[in-house]
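Report on the structure given below.
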Amino acid sequence: TYSYAELNKLRHSDNHLLFVSSLDDRYGTYGTIGLALVEKEPDFWTVKLLLMSCRVMSRGVGTIMMTHIMNLAKEAGVPLRAHFIPNGRNRMMYITYKFGGFNEIQNEDNLVIFENDLENIQPFPGYVDIRIVELA
């Protein structure tokens with residue numbers, strides 16, 4: 001786990017990307033619903049932390065967030081890995097990784113490491129309006 005101070009420090013690091021997502025639909029706003037922390041290494045990037053509100057998981061927001069991160073990694077010319085700690089509450093994220101084309105490359109001590117070669121990235125759904133806002 002990461003504290004607010006640690007995440008804020010990593011947000012300013014050249015070796016990390018921090019993403020925060022929100023969701024609005026025709027009925028209103030859901031507010032902040034997701035967070036992803038990506039560590040950038042020379043040979044690959046790793047999603048170290050991916051949190052998504054359970055109230056929006058069935059809406060495909062995790063897949064949309066991962067698609068954005070996958071596109072960035074592909075532009076950087078590196079494969080994307082993801083750390084996953086299985087438990088009873090995050091089965092949907094496991095499915096998100098598998099449907100996203102991630103393959104399990106390691107499973108040890110309750111840590112699954114996935115990797116995606118980024119050859120086949122799903123496009124964003126046509127009904128979704130993606131807005132990227134960079135924070136200072």
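Computed values, structure above
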| quantity | calculated |
| --- | --- |
| Nearby lysines by direct alpha-carbon distance to LYS48 (threshold 16 angstrom, same-chain neighbours under 8 apart not counted) | LYS9, LYS40 |
| Column: log10 I(q)/I(0), Debye, Cα scatterers of the stretch 47-136, q = 0.15, 0.21, 0.25 Å⁻¹ | -0.59, -1.13, -1.45 |
| Share of carbon and sulfur in the accessible heavy-atom surface of the stretch 32-92 [1.4 Å probe, %] | 53 percent |
| Straight-distance crosslink candidates among aspartates and glutamates, where the alpha carbon sits under 17 Å from LYS98 and sequence neighbours closer than 8 are dropped | GLU115, ASP117, GLU119 |
| Sequence of SER22, SER53 from largest to smallest accessible area, 1.4 Å probe | SER22, SER53 |
| Hydrodynamic radius by Kirkwood, which averages 1/r over all alpha carbon pairs of the stretch 1-85, in angstrom | 13.7 Å |
| Nearest-20 debye value, the chain charge dipole, Cβ charges on Lys, Arg, Asp, Glu | 580 debye |
| Hull volume in cubic angstrom per residue (convex hull over the Cα atoms of the stretch 38-87) | 71 Å³ |
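The values are calculated or read from the model by the stated rules, or taken from the named source; none is laboratory data. Source: prediction; values computed, not measured. All Cβ positions, glycine included, derive from the backbone under ideal geometry; neighbour counts span all protein chains shown. These area figures cover heavy atoms from the full protein model, side chains too; ligands, DNA and RNA do not enter into them. Shrake-Rupley method; radii C 1.70, N 1.55, O 1.52, S 1.80 Å.
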